[in-house]
Structures are given as structure tokens and as C-alpha cells.
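Below is one structure, written out as C-alpha cells; comments come after it.
The values are calculated or read from the model by the stated rules, or taken from the named source; none is laboratory data. All values reported here derive from a predicted model rather than from experimental measurement. Quick reminder, even Gly has a Cβ in these numbers, built from the backbone with ideal geometry, and neighbours come from all protein chains shown.
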Amino acid sequence: MSNHYLAKWKNEKKLSGLSVKTKLSIIDQNSLTNRLMSKKNHGFSVNVLQQECKFFNKSIRNNLPYNIKGFGVYRKVILSTNYYPEIQAYTFMLIKHISGKERFLKILGERSLGTYILNTKRFKKKDTMYRKVHNMIHRISKYSYHNKNIYLNEIFPDTIEFEKISYLNARGKFVK
């Protein structure tokens with residue numbers, strides 16, 4: 001992902017009023033799953049609240065503000081660990097783009113999307129938007145691979161602070 005400094009700065013300006021550690025935790029470009037599982041005895045789990053084939057409608061548009069038309073796989077999960085507050089995640093991918101490894105999106109069950117599909121060799125993060133709504137922060141991302149897109153909205157509490165995170169770790173792929 002190329003670094004468009006000015007565009008990122010303008011987008012991240014919406015995160016004003018947060019502590020530096022919280023802001024770095026939100027703009028972190030590394031895998032959220034890996035970050036949550038980085039501590040020993042992390043107790044990481046994915047609780048699937050909803051997973052279904054659905055037409056992109058108003059209820060989904062509230063969570064994913066992209067202009068998408070068609071049927072797709074919609075997934076709503078809660079990521080939880082022993083050390084950090086719960087994080088909600090909403091995912092949508094059009095059915096016409098589901099082929100190859102993406103077909104496992106329908107049967108992931110209690111497994112993380114980032115571990116199985118969003119690896120760095122295939123899907124790349126193309127666009128990220130931030131929203132502050134009350135005491136929650138929405139990080140809305142679009143991942144692309146050829147003409148396939150996966151839309152992801154991660155909702156963090158405004159008090160989240162990951163440990164051992166610096167500006168360089170948040171911006172690049174420096175963490176194992």
C-alpha cells in the first residue's frame with residue numbers, strides 16, 4: 001500500500017481528541033487478528049453474531065458506506081480477548097466475487113477472516129475511512145484483489161490501547 005501522506009493525514013484528522021496510543025492503535029496497518037493474539041494466554045475468540053447471504057440494503061449501508069449493488073455474504077462478528085475490549089467487525093463481499101479461497105468466507109464459522117483470506121500476498125488494503133460515533137471509532141476499509149473487493153468495518157471503543165506500538169509499527173508491516 002503506497003503512503004499518500006496528505007490523504008491519510010486529512011482522513012486521520014477525524015480522530016482528533018484521542019490519546020496518542022489510541023490513535024496509533026486505530027491507524028495500525030498490521031493484522032488486527034495478529035495484534036490481538038500477540039500476548040500470551042490471549043484467549044482470542046471470534047463470536048459470529050450473524051452470517052448470511054443478503055442484498056446490500058440500508059441496514060448494511062449504515063455499517064459500510066460504499067456504493068455497492070447486489071447480493072453478497074454479510075458477516076457480523078465480535079472479536080474478544082482477555083486483555084482488550086471487544087471489537088465488532090462487519091464484512092461484506094459480493095457473491096459474484098466469491099471464487100478460489102474466498103469461497104471459504106461462507107464457511108469460516110468461528111475463525112477470523114484476517115487469518116484465512118486477508119493475507120498480504122492477495123488482498124491489499126486500498127482505502128480506509130475513520131468515523132467517530134459517540135464513544136466508538138469505526139475503521140472502514142476496502143480490500144482488493146484483482147476485481148474482487150471485501151468491505152470491512154471494525155468498531156473499536158475509544159479507550160483501546162495496544163501495547164508496544166509505535167508510529168513506525170502502525171504505519172508499516174514491521175510486526176511479526
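Please indicate, with yes or no, whether at least one residue in the range 59-78 is loosely packed, with under 15 Cβ neighbours inside 10 Å, among the small types (Gly, Ala, Ser), modelled with pLDDT under 80 and more than 15 Å from ASN149 (Cβ to Cβ).
The answer is yes, given that some residue of the range 59-78 is loosely packed, with under 15 Cβ neighbours inside 10 Å, among the small types (Gly, Ala, Ser), modelled with pLDDT under 80 and more than 15 Å from ASN149 (Cβ to Cβ).
Could you say whether any residue in the range 49-56 is farther than 16 Å from PRO85 by Cα, surrounded by 13 or more Cβ atoms within 10 Å (Cβ to Cβ), at pLDDT 80 or above and not basic (Lys, Arg)?
Within the range 49-56, one or more residues are farther than 16 Å from PRO85 by Cα, surrounded by 13 or more Cβ atoms within 10 Å (Cβ to Cβ), at pLDDT 80 or above and not basic (Lys, Arg).
The conditions are (1) among the aromatic types (Phe, Trp, Tyr); (2) modelled with pLDDT of 85 or more; (3) not in a loop (DSSP other than H, G, I, E, B), and TYR84 fails exactly one of them. Which is it?
Failing condition for TYR84: (3).
Give me the pairs: first residue in the range 143-160 and closer than 16 Å to PHE71 by Cα and buried (at least 17 other Cβ atoms within 10 Å of the Cβ), second residue aliphatic (A, V, I, L, M) and at pLDDT below 90, beta-carbon distance under 6 Å, and six or more apart or on different chains, which are they?
That search, which allows pairs on different chains as well, returns ILE150/MET93; TYR151/LEU64.
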